[in-house]
Amino acid sequence: MKKLMPFFLSIVFGLVGCASDKTNKNSINVSFSETVSPENKDGRLLLMLSSNDEIEPRFQINDGLETQLIFGMNVEGMAAREAMVFDETVFGYPFSSLADVPAGEYNVQALLHVYETFNLSTGHTVKLPMDNGEGQQWNKSPGNLYSQPFKITITEQGIQNVDVVMDQVIPPIEEPADTEWVKHIKVKSEKLSEFWGRDIYLGAHVLLPKGFKEHPEAKYPLMVFHGHFPSDFGGFSTTPPDPNMKPEYSARFNLEGYNIIQAQESYDFYKRWIDPDFPRFLIIEIQHPTPYYDDSYAVNSASQGPYGDAITYELIPEIERQFRGMGEGWSRFLYGGSTGGWEALAVQVKYPNEYNGCFAACPDPIDFRAYCLTNIYEDDNAYYYKSDHKKLEVPSHRNYLGQIQSTLRQGNHLELVLGDRSRSGQQWDIWEATYSPQGEDGYPVRLWDKYSGDIDHKVAEYWKENYDLRHILERDWDKLGDNLKGKIHLFCGDMDNYYLNNAVYLMEDFLESTTEPYYDGEITYGDRAEHCWNGDPDQPNAISRMRYNSMYVPKIMKRIAESAPKGADVTSWRYK
């Protein structure tokens, strides 16, 4: 053994030397110039590599098969010209380390997603990215710093001595102007301003009905179109498509000239809107981005504050005051798809007397026993199926044939690169920011370990009691049932890309079992329909997704006829 020891130690030190060499094998330095900011910055520093020359790397990061590479780190007080080093220890996606990046030629780009400091009413101080009019898009947010892409070559020996300087600033976004038909409103929320420790505004785009000026005596029902951050009121155009419009291909729908189809649908909606027989409503799309996402999920939450109360009791009454809304619960309706579908149902459930019906398409998980493909109450790990001898990842996205594009682990690891502490601005993190209790550090408590996927069942129980909509309905049906009868309408494709139909099945099981009262709504599925099928059996998703603002009108009119209280104004807005 004594004779072998020098040989053994030489191998060990040799391996250590190799590890040291590997640690220093790849490094890229990132800084920003004084010309873009003389001030120190906090935020998430991102380094991107792309083998695709078509567009900038910052626009090629996603959790699909076509994604490019990204690495991320937190910075605090980063000064101009101060170099931050990206080496093999910095976590990345889809390669966890720079050491794993294959040799080849890449476009390199850096971006600083700037954080601001918030002193919350809870006594916590947190650092988060403020929305700047873009709807929480890290690669487009005004004020973020970035570099112009340039080519680098990574060899089998790695890469060193590369300096990336961020000398560009994303410019401000111009707010949309009012038109004859569409008005824009911003309201300071006292509730949210108190929570966040600074002025917070809610916004909305308001589509006015035909005859609004000519009929000052009329008061109107209100339709709330929930969904992701709208830059303006979408899908409405007073002019037909330009005959010279160049057709663009939609990969999502496999349709050539989809931009022309969209333009035609927008014009067709305008023609329906002004038709003599079309009912006269106000339609609003709400802007309620938070420092965590492009919208708040329209409910109160521990880490985001009282957005539900602010929207229902501050924003909507002000809209109705300015634009002659009825201002009564029987005259308000909710609809939307995906995030907007969950919001429509959640708002109806949490404010049952303030709204008279919800039309929720492809809603985000409404039963957390089917949190996509995870049962957060019974599963121990979200990323892998339980098995003694086999490691199989849980999928997160499929097409209508069941073919998989991504897994739950991959999507969450991308979010972990974009931002820790639920700060990625992406889907899984906003669910935590909305549904989780607030941690001792002021940030949302993780439902599961972001790296390993291990589930915290204490957090899951908090989710259950506060945001599992099926559980809440079942628990409180004796109190809620009479106020929700006839108000719940759900639509979902049975091949939803995100497996959202699974939770709808569980909700259906409960709703169809209700008595005293029976829920008396509807649940409809689209055969082989993907995300986000919204209830039209005669049109594909590519078309029906553009018809939210008119497709539920017959159901809404029927609901008004059946439920408007005695003496309610059901004529002035029909100009009769």
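The values are calculated or read from the model by the stated rules, or taken from the named source; none is laboratory data. Just so we're clear, the structure is a prediction, and the values are computed from it rather than from any experiment. As a convention, Cβ positions derive from the backbone with ideal geometry for all residues, glycine included, and neighbour counts pool all protein chains shown. Side chains included, ligands, DNA and RNA excluded: accessible areas come from the protein's heavy atoms. Shrake-Rupley method; radii C 1.70, N 1.55, O 1.52, S 1.80 Å.
Take the eigenvalues of the Cα gyration tensor for the stretch 467-576, scale each by 5, and report the square roots as semi-axes in whole Å, largest first.
Taking √(5λ) for each eigenvalue gives 26, 23, 9 Å, largest first.
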Those trypsin sites (Lys or Arg not before Pro) in the stretch 372-447 that DSSP places in a loop and that have at most 16 other beta carbons within 10 Å: 386, 390, 391
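Go through 186/213; 140/213; 186/271; 127/188 and tell me which ones have a Cα-Cα distance over 32 Å in this structure. Kindly include the intermediate steps, with their values, before the conclusion.
On the way: 186/213 22 Å; 140/213 38 Å; 186/271 28 Å; 127/188 22 Å.
Those over the limit are 140/213.
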Computed E for residue 392/residue 184 - FRET, C-beta separation, R0 60 angstrom, nearest 0.05: 0.75
HN-Hα J in Hz across the stretch 205-211 - Karplus 6.51, -1.76, 1.60, θ = phi - 60°, x for Gly and Pro: 9, 10, 8, 7, x, 4, x
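Against the empirical 2.2 N^0.38 Å scaling, what ratio does the C-alpha Rg of the stretch 319-457 come to?
On the way: Rg = 18.3 Å, N = 139, 2.2 N^0.38 = 14.3 Å.
Normalised by 2.2 N^0.38 Å, the Cα Rg of the stretch 319-457 equals 1.28.
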Normalised per residue, the volume of the convex hull around the Cα set of the stretch 323-379 (Å³): 74 Å³
Table column - 3J(HN,Hα) (Hz), the stretch 33-39, Karplus curve with 6.51, -1.76, 1.60, x for Gly and Pro: 8, 5, 5, 8, 6, x, 9
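Convert 37 °C to kelvin, take the viscosity as 0.692 mPa s, use the Kirkwood radius over C-alpha pairs of the stretch 490-551 as Rh, and evaluate the Stokes-Einstein diffusion coefficient in µm²/s, rounded to a whole number. If you can, show how the numbers build up before the last one.
Numbers: Rh = 12.3 Å.
Estimated via Stokes-Einstein, D reaches 266 µm²/s.
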The stretch 27-173: Cα Rg divided by the 2.2 N^0.38 Å rule of thumb: 1.06
Coil-residue chymotrypsin sites (Phe, Trp or Tyr not before Pro) of the stretch 518-555, DSSP, other Cβ within 10 Å capped at 13: 518
If the convex hull is drawn through the Cα atoms of the stretch 399-525, its volume per residue in Å³: 129 Å³
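Which whole-number percent is the relative contact order of the chain (Cα, under 8 Å, 6+ apart)? Write down the numbers at each step before the final one.
Values: 1243 pairs, mean separation 71.6, N = 576.
Answer for the chain is 12 percent.
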Where the Cα pairs of the stretch 138-218 fall when distances are cut into 5 Å bins, in %: 3, 10, 10, 10, 13, 12, 9, 8, 7, 7, 6, 3, 2, 1, 1, 0
Probe 1.4 Å, protein heavy atoms only - accessible area per residue of the chain in square angstrom: 44 Å²
For the stretch 206-364: span of alpha carbons on each principal axis (Å, largest first): 48, 41, 24
Tail fraction, Cα-Cα pairs, the stretch 151-286, threshold 24 Å, whole percent: 56 percent
Helix-only [θ]222 nm of the chain, DSSP H runs n ≥ 4, -39500 (n - 2.57) each, per residue, nearest 500: -7500 deg cm²/dmol
Two-decimal log10 I(q)/I(0) for the stretch 286-399, as the Debye equation yields it once each C-alpha is a single scatterer, q = 0.11 Å⁻¹: -0.48
In the stretch 170-244, GluC sites (Glu not before Pro) in a DSSP loop with at most 16 other beta-carbon atoms within 10 Å: 174, 180, 214, 217
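When N counts the residues of the stretch 263-336, how does its alpha-carbon radius of gyration compare numerically with 2.2 N^0.38 Å, as a ratio? Could the numbers behind the result be given before it?
On the way: Rg = 15.4 Å, N = 74, 2.2 N^0.38 = 11.3 Å.
Computed over Cα atoms of the stretch 263-336, the ratio equals 1.37.
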Of all accessible heavy-atom area on the stretch 183-245, the percent that carbon and sulfur account for (1.4 Å): 49 percent
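Find, to one decimal place in angstroms, the Kirkwood hydrodynamic radius of the stretch 180-227, where the mean of 1/r is taken over every pair of different Cα atoms and then inverted.
Numbers: mean 1/r = 0.0762 Å⁻¹.
Averaging 1/r across every pair of different Cα atoms and inverting gives 13.1 Å.
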Percentage, to the nearest whole number, of Cα pairs in the stretch 85-157 over 20 Å apart: 52 percent
Two-decimal Rg to Rh for the chain - Kirkwood Rh, Cα set: 1.00
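Where the convex hull is taken over the Cα atoms of the stretch 240-294, what is its projected area averaged over directions, in nm²? Please report the intermediate quantities before stating the final value.
Details: hull surface 25.7 nm².
Result: 6.4 nm².
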Rounded percent of accessible protein surface that carbon and sulfur make up, the stretch 64-105, 1.4 Å probe: 50 percent
Of the DSSP H helices in the chain, those whose Cα atoms cover at least 27 Å axially and whose Kyte score averages -0.5 or more: 4-23
Radius of gyration, Dmax [the stretch 303-356; alpha carbons; angstrom]: 11.4, 34
